[in-house]
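Trainee: I am attaching a structure below and will ask some questions about it afterwards.
The values are calculated or read from the model by the stated rules, or taken from the named source; none is laboratory data. Computed from a predicted model, the values in this text were never measured in an experiment. In this analysis, Cβ positions are derived from the backbone assuming ideal geometry, glycine residues included, and neighbour counts consider all displayed protein chains. Calculation scope for accessible area: heavy atoms of the full protein, side chains included, ligands and nucleic acids excluded. Shrake-Rupley method; radii C 1.70, N 1.55, O 1.52, S 1.80 Å.
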Amino acid sequence: MSLLIKNGRIITATDDYIADIFIEGEVVTAIGKNLSVKADQEIDASGMLVMPGGIDPHVHLDMPFMGTFSSDTHETGTRAALHGGTTTVIDFVLQKQGHSLREALNEWNGRADGTAVGDYSFHMAVTDFNEHTKKEIKEMVDEGITSFKTFMAYKGALMIDDSQMTALMQEVKQQGGMVTVHATNGDMIDYLIAKHKSEGKLSPRYHYLSQPEVTEAEASGRFADIANYTGCTAYIVHLTCEGALNAVRNATKRNQHVFVETCIQYLLLDDSYYERDFESAKWVMSPPLRKKKDQDTLWAGINQGLVNIVATDHCPFMWKQKLMGAEDFSKIPNGHPAIENRMELLYSEGVHKKKISLNKYVEITSANPAKIFGMFPRKGTIAPGSDADILIFDPEKKHVLSASTHHMNVDYSAYEGWEINGKVKTVLLRGKIAIDNGECLVPKGYGKFIKRKKVN
């Protein structure tokens, strides 16, 4: 099967030109002006932006958390991602304490294999680092899972201490992987949660007040220090604030490079959302939304090259699940739905409002995730030999976001009523039209596991 995309404005992290793209099977085979080739199917992309499919390296699908599960499965979540122009996601496998990494991987493979609609890969979250786990690191890297997530919070469930962090980094470096981190000071947060609860302060606002900026800034600096000592490739997930980004900026003074991801919500939403009575439970996530000055810092950090990726930390819960914390903020499942909205929101609020360039847009949504996580140039660009994961985007189309029209399996939208400039028109996944004018054309199970290359 062959397909020709004609007359589109092709945007990559470095390029901006009008040309045709010829696709045979799953890959791009030729790019040029007025290609004289015969194809089984043609798409006229005149007036459209033609970009690499988005890669979201931070999603939680069908994830067990706080006695429940996130409401999007690998089927519904990857389908919603495709609707929003994201063709590949990286989900998190969570090791249970006292159990092996292999057991956890088998569990997540059982959920994703044969059900995912879009392409996917995995990070491995290490919650119990010991001699047995250490031996499994190489096994995971050989499987194509080269990034290992750690938590500096959630003591007794997910958190590892600094001695485990150091030992893990040393082993991961040796095996050619990277360590990523949820960088918040868990002990301080636990103290503040207990303090607020003892004072009868139980509304969702106190989730936010239990995680002040200093908890993230301190942990980010400590993580960078340990990574600098071990020489391990380091990546901070969902960085939200000025203090944390300054910790990364300080690390550059000793010639250290720490990769940084932020998420779409931290660029667009602020702590005023926690003033909305219990409705503010919709925005209970960790870390919480910050202040407007932090948004300015993050946008600047993107253009300075300090913030490398904009992801989502997509972890949706139905409103009924959020109501588990109606009487106690510490029982509200943490998470925010955005897997479908990221690409359109970032275009509308970033490119359309001239905060970032089109090339930067592709860099932080596709090229950098592919490069950092070992999928480039198979993913993250439009070039001969690359997977034909392509987003055809109408930059002039306006529309309104709403839970009534989105495809995520969650019954509210954090962006209800937002008018967006720019809309996903057509999405190709490995050469096949996956989305066209709001209709999904690929079946459950079409998504493939993407084996990733070593980091070093």
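Trainee: By how many degrees, 0 to 90 and rounded to 10, does the Cα axis of helix 186-198 deviate from the longest principal axis of the chain?
Mentor: That helix lies at roughly 70 degrees to the long axis.
Trainee: Next question. Taking 0.36 nm per residue of separation and subtracting the Cα-Cα distance, what length does fully extending residue 303 through residue 197 add?
Mentor: Stretched out fully, the residue 303 to residue 197 stretch lengthens by 34.1 nm.
Trainee: Please list the non-local residues whose amide H lies under 5 Å from the amide H of residue 317, H modeled 1.01 Å from N, same-chain partners needing a gap of 5 or more.
Mentor: It is 71, by chain and number.
Trainee: OK, next. Return the whole-Å distance between the Cα centroid of the stretch 426-456 and the Cα centroid of the stretch 197-212.
Mentor: 41 Å
Trainee: Ignoring GluC sites (Glu not before Pro) that are buried or in helix or strand per DSSP, and keeping those with at most 10 other beta carbon atoms within 10 Å, what is the longest stretch of the chain between them? Mind showing how you got there, number by number?
Mentor: Values: sites that count: 199, 327.
The reported range is 1-198.
Trainee: Measure nothing but the geometry: give the 0 to 90° angle between the long axis through the Cα atoms of 74-83 and the longest principal axis through the Cα atoms of the chain, rounded to 10°.
Mentor: Helix 74-83 sits roughly 50 degrees off the main axis of the chain.
Trainee: Using the heavy atoms of the protein chains and a 1.4 angstrom probe, tell me the accessible area per residue for the stretch 46-187 in square angstrom.
Mentor: Value for the stretch 46-187: 29 Å² per residue.
Trainee: Strictly over 18 Å apart at the Cα level, which of 201/331; 155/331; 379/453; 149/320; 195/291 would you flag in this model?
Mentor: Working: 201/331 13 Å; 155/331 15 Å; 379/453 12 Å; 149/320 29 Å; 195/291 23 Å.
Where the Cα-Cα span goes over 18 Å, the pairs concerned are 149/320; 195/291.
Trainee: Which value, in debye to the nearest 20, describes the size of the charge dipole of the stretch 212-271 about its Cα centre when Lys and Arg Cβ atoms bear +1, Asp and Glu Cβ atoms bear -1, and nothing else is charged?
Mentor: In debye, rounded to 20, the stretch 212-271 gives about 420.
Trainee: Mean residue ellipticity at 222 nm from the helices of the chain, using -39,500 (n - 2.57) per DSSP H segment of n ≥ 4 over the full residue count, to the nearest 500 deg cm²/dmol?
Mentor: Only helices count here, giving -8500 deg cm²/dmol.
Trainee: Tell me, how many Å apart are the Cα centres for the stretch 115-165 and for the stretch 387-421?
Mentor: 32 Å
Trainee: In degrees, nearest 10, range 0 to 90: what is the angle between the Cα axis of helix 101-112 and the longest Cα principal axis of the chain?
Mentor: With rounding to tens, the tilt is 50 degrees.
Trainee: Trypsin sites (Lys or Arg not before Pro) within the stretch 224-319: which are DSSP loop residues with at most 13 other Cβ atoms inside 10 Å?
Mentor: 253, 254, 276
Trainee: Moving on. What does the charge dipole of the stretch 306-456 about its Cα centre add up to, to the nearest 20 debye, if the Cβ of each Lys and Arg holds +1 and the Cβ of each Asp and Glu holds -1?
Mentor: Dipole magnitude for the stretch 306-456 comes out near 820 debye.
Trainee: In nm, what is the difference between 0.36 nm times the number of residues separating residue 174 and residue 68 and their Cα-Cα distance?
Mentor: Full extension of this stretch gives 34.5 nm more.
Trainee: So, one more: For the stretch 393-456, with every protein chain kept in place, what is the accessible area per residue (1.4 Å probe, Å²)?
Mentor: Value returned for the stretch 393-456: 49 Å² of accessible area per residue.
Trainee: Are there trypsin sites (Lys or Arg not before Pro) in the stretch 78-151 that DSSP marks as loop and that have at most 16 other Cβ atoms within 10 Å, and which are they?
Mentor: Qualifying residues, ordered by number: 96.
Trainee: For the stretch 257-388, with every protein chain kept in place, what is the accessible area per residue (1.4 Å probe, Å²)?
Mentor: Normalised by residue count, the accessible surface of the stretch 257-388 is 30 Å².
Trainee: Right, here's the next one. I'm spelling it out carefully: the read-out is Rg and Dmax of the Cα atoms in Å, the candidates are (i) 22.3, 70; (ii) 26.6, 75; (iii) 21.1, 74, and one was derived from this structure. Which label?
Mentor: (iii)
Trainee: What's the carbon and sulfur percent of the chain's accessible surface, probe 1.4 angstrom, rounded to a whole number? Mind dumping the intermediate values first?
Mentor: Working: 8100 of 16490 Å².
Ligands and nucleic acids excluded, carbon and sulfur give 49 percent.
Trainee: Using 0.36 nm times the number of residues separating residue 41 and residue 113, minus their current alpha carbon distance, what extension gain do you get?
Mentor: Here the answer is 23.0 nm.
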